[in-house]
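Here is the structure we will look at.
The values are calculated or read from the model by the stated rules, or taken from the named source; none is laboratory data. On a predicted model such as this, the values are computed, not experimentally measured, just so you know. Here Cβ is always computed from backbone atoms with ideal geometry, including for glycine, and neighbour counts include all displayed protein chains. Ligands, DNA and RNA are stripped out before the accessible areas are found, and what is left, the full protein with its side chains, is counted by its heavy atoms. Shrake-Rupley method; radii C 1.70, N 1.55, O 1.52, S 1.80 Å.
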2 protein chains.
Amino acid sequence: MAFAVDYVIVGAGFSGAVMAERLATRQNKRCLVIERRNHIGGNAYDRHDKHGVLLHQYGPHYFRTNSDEVISYLSQFTDWHPCEYKILSWANGKYWQFPINLNTFEQFIGRPSTSEEMEQTLAQWRVPIPQPQNSEEVIISQVGWELYELFFRNYTRKQWRREPRDLDPSVCGRIPIRTNRDDRYLSEKFQALPAAGYTRLFEKMLAHPNIHLLLNTDYRQALPHLKFEKLIYTGPVDDFYDHAYGPLPYRSLRFEPETHELEFFQPALQVNYPNDHDFTRIVELKHATRQRLPLTTVIREYPQEFLPGAEPYYPIPAPDTHALYRKYADRAAQERDVIFLGRLATYRYYNMDQVVALALHQYKKLFPD
Amino acid sequence: MAFAVDYVIVGAGFSGAVMAERLATRQNKRCLVIERRNHIGGNAYDRHDKHGVLLHQYGPHYFRTNSDEVISYLSQFTDWHPCEYKILSWANGKYWQFPINLNTFEQFIGRPSTSEEMEQTLAQWRVPIPQPQNSEEVIISQVGWELYELFFRNYTRKQWRREPRDLDPSVCGRIPIRTNRDDRYLSEKFQALPAAGYTRLFEKMLAHPNIHLLLNTDYRQALPHLKFEKLIYTGPVDDFYDHAYGPLPYRSLRFEPETHELEFFQPALQVNYPNDHDFTRIVELKHATRQRLPLTTVIREYPQEFLPGAEPYYPIPAPDTHALYRKYADRAAQERDVIFLGRLATYRYYNMDQVVALALHQYKKLFPD
């Protein structure tokens, strides 16, 4: 009497949606996507507030990629709105260009400069560390202590509630440091948002009649009543094993939106507050969407502890957490009919394009051409 | 092994959402809402297009009611954006105020007039019919042949592909005829749209953890695998019985959106085209939402035959269709564990507030205080 499908997919974020789409449209597989929340799209879910301002409900999702495969795959489901993501950092009572580039350097030394001078100066400031082992080392080995403390140290502590030296190099190492005037946040060649929003993109991906969507439902409630060949699990891996080895730590966030009768509230898409306030940043997505509204909504982002009921936003990339994750990963590797996929199931801080690429790769492993 | 809930609810429109919400929150009943489409909200579903314009995807839904109960019930889930729905009718190469009121009458006779004169004139034009039996009679008995032919006859034929005399009085009788200068389309005391849209309202209604949502799924596929006490069915009643007595007729629609770089495209929310073009009307929702955008999207509405794959928008209110419906209704009345509810399941052309009121009433029948 069980409801029979070929694949049960837990989670309707990018990992789950890509797998469902591929399996349904390419292999004619019947899929049931089970999602705990009452909407699709995972943390990429976006929506218009009552003023008509498009918001990323779970924090900004700046889509970018160098992968032609990812672009052409996703372009089946959306048009794109090209945009450059610009960020400032508020410190010592003023706005600084961020990530660090030649303009930032000029602000810092208080006069015009050149790439050559910047490179020579950083060479002096730099702490020589051939193989940076953590997020403190990765920054001081590039720009030295002073810029590290101005822009990175406190921001990271606020965001992760850990010292940068207790976090993998990748955390702060994600952020480029440039000696030219390129002031874009990101360096990838393709930077754009889905023209009608992420939610619409997910609706298109999940529209195939082979894909059934069960929302607002813990997969555990449904699983005993389903007949299926394989389970694709994109939720937190520690949850899957009832926290058998103890809970994996995550960072969570609280978002506070605020609407203003202004064309723009702040001078850039994102302003970081490394050293002031309890929030880490204020995001004004309208700078990226360029919505033609006479008002604007900004969102302040307050990092918070991950407690039951909160959303597990970020796996914490650090040696101790990896060690704990390994225990789960070893067990997961022994599953024959469960595939663990995505940011939460593999406890990795991936970008969206990486998640899509990994899911496409996983699909090809299941069904090589 | 079947998935066990208390109630299975087929359809995530107003009828289904109200029942699920009441049963989940008031009776702690576990509900599974099964919806054929991949979104909630039924035909009230709205969304922003890629220009940020809020659209009613399945035709305009002008919310209005005189019921305090309905207002206070829905206000738990939404704020409201008050608005007046204004309509014009394009005929003989010009815009006419519509529904017919004193201003329309003045346009028609080509000079200023008074309510008294209008009443006296209509009294002469009127065809005396004490008990109008159809949509032609209901109009000519109020305003005579000439206004009927200018505004009603062809519009109704286009919309329903039937002669007005072959439709219930209620079809054209819905539209008020006034001898004062009240030019609102509707007369109800409360006229407003959900501030953040209908879709958001439905998300709030369906957010309770007792409510599971199965989208993109024909309920027939799922039903054999479910254990439940009662079924609440809000889909087409003839579908439920596999068209045992033949298919009930519905009218369907095709919508053509078009975006313009204009503050407004047309002078009113809705312009009817009774005698010109293949579409019946052009709706510019921005007149009601008052979105502060420098562009606008209009939707042309083309009535079309209801064929497999099309959406069954309107039950056709006429003696012959009622006779066929009665066969289904008689059979439905004998079901012990199935409740038929809403526009499609009871084959009635209801407004949204009526649907909500009927669902609340149905709930109270199940669970009297």
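Taking θ as phi - 60° and the Karplus parameters 6.51, -1.76 and 1.60, the scalar couplings of the stretch A:8-15 work out to 9, 10, 9, x, 10, x, 4, 4 Hz in sequence order, x denoting glycine and proline.
Compactness check for the stretch A:149-218: Cα Rg over 2.2 N^0.38 Å is 1.75.
3J(HN,Hα) along the stretch B:290-299: 6, 4, 8, 10, x, 9, 8, 10, 10, 10 Hz, from the Karplus curve 6.51 cos²θ - 1.76 cosθ + 1.60 with θ = phi - 60°, whole Hz, x for Gly and Pro. Applying 0.36 nm per residue to the separation of A:R157 and A:W125 and subtracting their alpha-carbon distance, the gain on full extension is 9.3 nm. The mean of 1/r over all pairs of different alpha-carbon atoms in the stretch A:3-138, once inverted, gives a Kirkwood hydrodynamic radius of 19.9 Å. B:H61 sits with roughly 30 Å² accessible to a 1.4 Å probe, with DNA, RNA and ligands left out of the calculation. For the stretch B:1-79, the fraction of C-alpha pairs more than 22 angstrom apart is 38%. So what's the net charge close to B:S252: Lys and Arg +1, Asp and Glu -1, counting the other residues with Cβ under 9 Å from its Cβ? Net local charge, B:S252 excluded: 0. Translational diffusion of chain B was estimated from the Stokes-Einstein equation, with Rh taken as the Kirkwood radius over Cα pairs; at 10 °C and 1.306 mPa s the coefficient is 72 µm²/s.
Of the residues A:R254, A:R174, A:R281, the one that moves most in a GNM of chain A with alpha-carbon contacts below 10 Å is A:R174. Short-range pairs are left out: with C-alpha atoms under 8 Å and at least six residues apart, the relative contact order of chain A is 26 percent. Look at the stretch A:203-216: the mean tally of other chain Cβ atoms within 10 Å of its residues' Cβ atoms is 5. Label-point spacing at B:W125 relative to the other copies reads 8.2 nm, in ascending order, each point sitting 7 Å out from Cα along Cα→Cβ.
Between 0 and 90 degrees, the angle of helix B:352-366 with respect to the longest Cα principal axis of chain B falls at about 30 degrees. Across peptide A:116-129, the mean count of Cβ atoms from other chains lying within 10 Å of each residue's own Cβ comes to 0. Are there residues in the stretch B:38-71 whose accessible area shrinks by at least 40 Å² when all protein chains are included rather than the chain by itself, and which are they (probe 1.4 Å, ligands and nucleic acids not counted)? Residues shielded by partner chains are B:N38, B:H48, B:K50. Cα-based values for the protein assembly as shown, radius of gyration first and Dmax second, are 29.9, 100 Å. Inter-copy label distances at A:P209, shortest first and taken from points set 7 Å along Cα to Cβ: 3.7 nm. Other residues lying with their Cβ under 11 Å from the Cβ of B:C31 contribute a combined charge of +1, Lys and Arg counting +1, Asp and Glu -1. Across A:A44, A:A12, A:A91, mean-square fluctuation computed from a Gaussian network of chain A (C-alpha pairs under 10 Å connected) peaks at A:A91.
Largest GNM mean-square fluctuation across B:G110, B:G342, B:G42, computed for chain B with C-alpha springs under 10 Å, falls on B:G110.
A label point on A:K94, set 7 Å along the Cα-to-Cβ line, lies at 6.6 nm from each of its counterparts in the other copies, closest listed first. Across the stretch A:219-233, coupling constants 3J(HN,Hα) worked out from phi with the 6.51/-1.76/1.60 Karplus curve, θ = phi - 60°, read 4, 5, 5, 8, 3, x, 9, 10, 10, 7, 8, 9, 10, 10, 10 Hz, and Gly and Pro carry x. The A:W145 and A:A195 beta-carbon pair, evaluated with R₀ = 51 Å, returns a calculated FRET efficiency of approximately 0.70. Cross-link reach is defined here as a Cα-Cα straight distance under 21 Å, omitting same-chain residues fewer than 8 places apart; for A:K227 the lysines meeting it are A:K29, B:K227.
With Rh defined as the Kirkwood radius, the inverse of the mean 1/r over Cα pairs, the Rg/Rh of the stretch A:108-173 is 1.02. Leaving out ligands and nucleic acids, note down the accessible area per residue over the protein assembly as shown with a 1.4 angstrom probe, in whole Å². So the protein assembly as shown comes to 42 Å² accessible per residue, rounded to a whole number.
Using a Förster radius of 25 Å, what is the FRET efficiency between A:S115 and A:N275 based on their Cβ-Cβ separation? Nearest 0.05, please. Efficiency, from the Cβ-Cβ distance: 0.35. Residues whose amide H falls under 5 Å from that of B:F98, counting only those 5 or more places apart or on a different chain, are B:I87, B:S89, with hydrogens built in the peptide plane.
Using the Cβ atoms and a cut-off under 9 Å, what net charge is assigned to the surroundings of B:E136, where Lys and Arg are +1 and Asp and Glu are -1? Net charge around B:E136: -1.
Note on the stretch A:266-359: along the principal axes its Cα atoms extend 55, 29, 24 Å, ordered by decreasing extent.
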